[in-house]
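Below: the structure, in structure tokens.
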Amino acid sequence: MHPESTAPPRPRVSRWVTVAAIAGLVIGAGFLGHGAIQRFVTMGMHAKTAEGPALLEEIQRAQLVHFERHGVYVGIGATPERAPGTSPTPFFSEHMDGWRRLGWQPESPVRCQYEVTVPRPDTFEAVARCDADGDGNLTVFTSGPNRAPQRASPIDSH
């Protein structure tokens, strides 16, 4: 014989409670997945636009060396002619003589457009324009002789 249990019987969980619990888990997983995808896309945009500040640092160093040797900064037109979109573009334009004069050129195709202006003989502004997602909205970075590369626009993006 089996002794009778003194524990009260467990209530049965209704089918609706089970369905609601599963639906809640699926919805929660969806929110987490969506957030992960957004972070992944944002991380990709950061990686693609990171070229801009890195190459601006190189341009800044090349300008400072050129100024030290020759007493002038080099103004150079936008290269490539348009800001690349989602794919790297060869670094080429009608302004290649200026880049050679500066003694700088990237080692591989670029994801941003680069330009240097010389508003006064004692300063320059280097600009990188990037369109990593190809939507036509540029992320712009600038630097100068005494200013490390920084994002100029858009401020609240990526």
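Computed values, structure above
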{"item": "Positions within the range 88-98 being open to solvent by 70 Å² or more (accessible area, probe 1.4 Å) and of a type outside the set (Phe, Trp, Tyr), in sequence order", "result": "90, 94, 97"}
{"item": "Number of the exception - residue 101 against (1) farther than 14 Å from residue 54 by Cα; (2) in contact (Cβ under 8 Å) with a residue 12 or more places away in the chain; (3) assigned to a loop (DSSP other than H, G, I, E, B); (4) open to solvent by 70 Å² or more (accessible area, probe 1.4 Å)", "result": "(3)"}
{"item": "Residue 47 assigned to a helix (DSSP H, G or I), modelled with pLDDT under 75 and over 30 Å from residue 142 (Cα atoms)", "result": "no"}
{"item": "Residue count for the range 104-127, restricted to those that are open to solvent by less than 50 Å² (accessible area, probe 1.4 Å) and under 12 Å from the mean Cα position of the chain (by Cα)", "result": "1"}
{"item": "Qualifying residue in the range 135-144 (condition: of a type in the set (Ser, Thr, Tyr), open to solvent by 20 Å² or more (accessible area, probe 1.4 Å) and modelled with pLDDT of 95 or more)", "result": "no"}
{"item": "Matching entry among 74, 65 (being touching a Lys or Arg at 6+ places or on another chain (Cβ under 7 Å), among the β-branched types (Val, Ile, Thr) and either at pLDDT 95 or above or in a loop (DSSP other than H, G, I, E, B) (or both))", "result": "74"}
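One line per residue, one yes/no per condition, for (1) at pLDDT 75 or above; (2) basic (Lys, Arg); (3) part of a helix (DSSP H, G or I); (4) in contact with a Ser or Thr (Cβ under 6 Å, 6 or more places away or on another chain):
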position	(1), (2), (3), (4)
6	no, no, no, no
19	yes, no, yes, no
30	no, no, yes, no
54	yes, no, yes, no
84	yes, no, no, no
97	yes, no, yes, no
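Residue-by-condition table, conditions (1) within 13 Å of residue 79 (Cβ to Cβ); (2) without any contact (Cβ under 8 Å) to a residue 24 or more places away in the chain; (3) hydrophobic (A, V, I, L, M, F, W, C):
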residue: 95; (1), (2), (3): yes, yes, no
residue: 105; (1), (2), (3): yes, yes, no
residue: 115; (1), (2), (3): yes, no, no
residue: 126; (1), (2), (3): yes, no, yes
residue: 132; (1), (2), (3): no, no, yes
residue: 144; (1), (2), (3): no, no, no
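The values are calculated or read from the model by the stated rules, or taken from the named source; none is laboratory data. Quantities reported herein were computed from a predicted structural model and do not represent experimental measurements. Neighbour counts run over all protein chains shown; Cβ positions are idealised from the backbone, glycine included. In case anyone asks, the SASA skips ligands and DNA or RNA and just uses the protein heavy atoms, side chains included. Shrake-Rupley method; radii C 1.70, N 1.55, O 1.52, S 1.80 Å.
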